[in-house]
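Below: one structure, written as structure tokens.
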Amino acid sequence: MPFDDIREWITALERAGELKRVRAEVDPVLEITEIADRVMKKTGPALLFENVKGHPGARVLINQFGSVRRMNLALGVNSLDEIAERLRMFMDVKSPQGFLEKIKMLPMLADLGKFFPKTVSSGPCKEVIQRDSFSLLDFPILQCWPQDAGRFITLPCVISKDPRTGKRNVGMYRMQVYDARSTGMHWQRHKIGAEHYRNAMRAAAAADSASPEPEARSRSVEVMARTSGGARIPEGAAPKGKLEVAVAIGTDPVSTFCAIVPAPPDIDEFMIAGFLRQKPVELVKCETVDLEVPAQSEIVLEGYVNLDELRPEGPFGDHTGFYSLDDLYPVFHITCITHRKDPIYSTTIVGKPPMEDAWMGKAVERIFLPLMKLTIPELVDVNLPIEGVFHNLMIVSIRKSYPGQARKVMNAIWSLGQAMFTKCIVVVDEDCDVQDIREVVLRAFNHIDPERDIQFTLGPVDSLDHASRLPDFGSKMGVDATRKWPSEGFIRPWPDEITMSTEVKERVDRMWKSLGID
Ligand SMILES: Cc1cc2nc3c(=O)[nH]c(=O)nc-3n(C[C@H](O)[C@H](O)[C@H](O)COP(=O)(O)O)c2cc1C
């Protein structure tokens, strides 16, 4: 059975020996990071801090996803391949031939009903409703690293709706605490929350252009397109208006995980959570905004971002292992906080890998492989090495059938959702195990003539890339490390790989003990 809330999840973690309670007093400013970092570097347990300095009675959960085992536990599987297999089954559906095949499909149809979130009338997140006298500073929010600009909410499910279609998005975007009632909203420019913000601007600008006021009509489209990346909005240049946002902190583990899933724009992450949980996510209506949040959340922040307000956000010690520099982002104004009576604050830290997010990213890699294969059918396997911090390096193996196919695959990856950020792609043949980095390095770099086999291109890059020539825009590199064919202009003979004959191996196996080496 899936976990309905973070409390059931904590109980399960404890039962599985995957959680340690920390009763000594610790400071949410830097100290929790130092402790959690040491534990994460050893792939150690989840931590529940029960004595947080300055926050009597508060509890902080960190590292809940920090190992393959805990990711599997959270998603209710023994191996992530089970999820990939379920996805494959759904994608494989053919029109049933005859009555028996129709009957066989019934369980799958019943499964479909479990995907969709269900709205309920109330839930534990409404135990305390604070419309007036609330303060974010009451929660044990961490300052993670010494040069961080302040305290940051790091594991939020940020919920917004596309003003054009009303479709919901759930994204995980960090939030810098500015004061008791406002935070930054760090949705990077390519993310769906940022697109909702721009769509709200477009709608407001369209309303303005119908306005008799000349000043309203002159607001520029270029300004609308900007939500970050060093762009300043000239005084009075952006349309007035707001976008409602709700933030759920401490949901059931699958819903929290789904906030990082790079789903296509119109796919509701709570539906993906329903698919993964095999049980619908229960949602309740917010008090002050027209949005729904998971009913079982520990803490819910309701509010809005103004369309004409950006403020410096950062620096922040990021998952690249370096600080991301300060930049302009929208400001989230809180109108109401609802929470459980004794809320558990759920958080993470990012920094030099491996950190907790490495295991979340690895889960995304496994779950998305069958989906990637839909558009890149020759794909055999993918590895995003943890130290490549997900957008810097992708190694893929392919079943090569025609000349130039490795380059076709690179271009397909660069046009596939958030895979567009990949700074370096290495393509190898299908007989190379991409999970074995030694094998990849040996083969890939033996198999290239760099000038011929490395391809550069320009395009969008991750907002966190601190080396690109411009924010959000730069170059990428593809390495074609497949065997080269005569049809690709390679006319020299390609050497065989060195392997011993089976007969000799077996002979040595039989004599091994008598050699007295071990
Ligand atoms: C711990 C953690 C923190 C993250 N913080 C941010 C962030 O501050 N801004 C951002 O744009 N993406 C951040 N991400 C990545 C996004 O959550 C991810 O790209 C997700 O797919 C975005 O959702 P969307 O596709 O609905 O926009 C973070 C991921 C993790 C695991």
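Each of H319, H447 has some number of other Cβ atoms within 10 Å of its Cβ, and from fewest to most they run H447, H319. In segment 1-91, the ratio of gyration radius to Kirkwood radius, Rg to Rh, stands at 1.07 when only Cα atoms are counted. Each principal axis of the Cα cloud of segment 367-470 was evaluated for its coordinate range; sorted largest first, these ranges are 37, 31, 26 Å. For the listed peptides 421-431, 168-178, a ranking on the average number of other beta carbons within 10 Å per residue, highest first, reads 168-178, 421-431. The slack in the chain from R483 to K20, taken as 0.36 nm per residue of separation less the alpha-carbon distance, amounts to 161.7 nm.
The modelled label-to-label distance between S122 and E50, using points 7 Å beyond Cα along the C-beta direction, is 3.0 nm. Look at the alpha carbon pairs under 8 Å that are at least 6 residues apart: their mean separation over the length of the chain gives a relative contact order of 15 percent. For segment 429-469, the residues whose backbone nitrogen is under 14 Å from a point 7 Å from the Cα of F322, taken along Cα to Cβ, are 462-469. Per-residue Cβ neighbour counts within 10 Å put K362, K118 in the sequence K118, K362, beginning with the fewest. Distance between the 7 Å Cα→Cβ label points at R38 and S401: 5.5 nm. Hey, quick one: spin label on S415, modelled 7 Å out along Cα-Cβ, who in segment 358-378 has an amide N within reach, i.e. under 19 Å? Of the residues in segment 358-378, 371-378 have backbone N under 19 Å from the label point off S415. A full extension of the chain between K104 and E439 corresponds to an added length of 116.3 nm, given 0.36 nm per residue minus the alpha carbon distance. For segment 265-342, the relative contact order works out to 26 percent when only alpha carbon pairs closer than 8 Å and six or more residues apart are counted.
Test of understanding: express the Cα radius of gyration of segment 114-211 as a ratio to 2.2 N^0.38 Å, with N the residue count. Normalised by 2.2 N^0.38 Å, the Cα Rg of segment 114-211 equals 1.34. Looking at the calculated P(r) for segment 273-333, what percent of the C-alpha pair distances fall above 17 Å? Value for segment 273-333 (Cα pairs over 17 Å): 63 percent. From least to most packed, judged by other beta carbons within 10 angstrom and beginning with the fewest, S463, S182 follow the order S182, S463.
With a cut-off of 8 Å between alpha carbons and a minimum separation of six or more residues, what is the relative contact order of segment 24-85 in percent? Taking the mean separation of contacting Cα pairs over the length of segment 24-85, I get 26 percent. Database remark: amide H of V170 closer than 5 angstrom to the amide H of E269 (H placed geometrically; neighbours at sequence offset of 5 or more, or on other chains; Pro and chain starts carry no H). Taken over segment 346-422, the ratio of Cα radius of gyration to 2.2 N^0.38 Å equals 1.20. Remark: for residue pairs K279/K362; K362/K484; K167/K373; K104/K279; K114/K240, the C-alpha separation exceeds 29 Å in K362/K484; K114/K240. Modelled spin-label separation between K114 and F473, with each label point placed 7 Å from Cα along the Cα-to-Cβ direction: 4.7 nm.
Kirkwood analysis of the Cα pair distances in the chain returns a hydrodynamic radius of 25.1 Å.
Given 0.36 nm per residue, what is the gain on full extension from A180 to D132 after removing their alpha carbon distance, in nm?
Full extension from A180 to D132 adds 16.1 nm.
Applied to segment 281-296, the Karplus parametrisation 6.51 cos²θ - 1.76 cosθ + 1.60 on θ = phi - 60° returns per-residue 3J(HN,Hα) values of 7, 8, 10, 10, 6, 6, 7, 10, 10, 8, 9, 10, 9, x, 4, 8 Hz, with x for Gly and Pro. The protection proxy used here, the mean number of other Cβ atoms lying within 10 Å of each residue, ranks peptides 500-513, 148-161, 282-295 as follows, highest first: 148-161, 282-295, 500-513. Per-peptide packing, taken as the mean over residues of other Cβ atoms within 10 Å, places 388-396, 109-117 in the sequence 388-396, 109-117 from highest down.
Backbone amide hydrogens, once placed in the peptide plane, bring R21 within less than 5 Å of L48, excluding anything fewer than 5 places away on its chain. With 5 Å bins beginning at zero, the pair-distance distribution over Cα atoms of segment 251-300 amounts to 5, 21, 29, 25, 16, 4, 0 %.
Of all lysines in the structure, those lying under 21 Å Cα to Cα from K20, and not within fewer than 8 positions of it along the same chain, are K41, K42, K53.
Taken together, the values in this text are just the output of simple stated rules run on the coordinates, not laboratory data. Just so we're clear, the structure is a prediction, and the values are computed from it rather than from any experiment. All Cβ positions, even for glycine, are placed from backbone atoms using ideal geometry, and neighbour counts span all protein chains on display.
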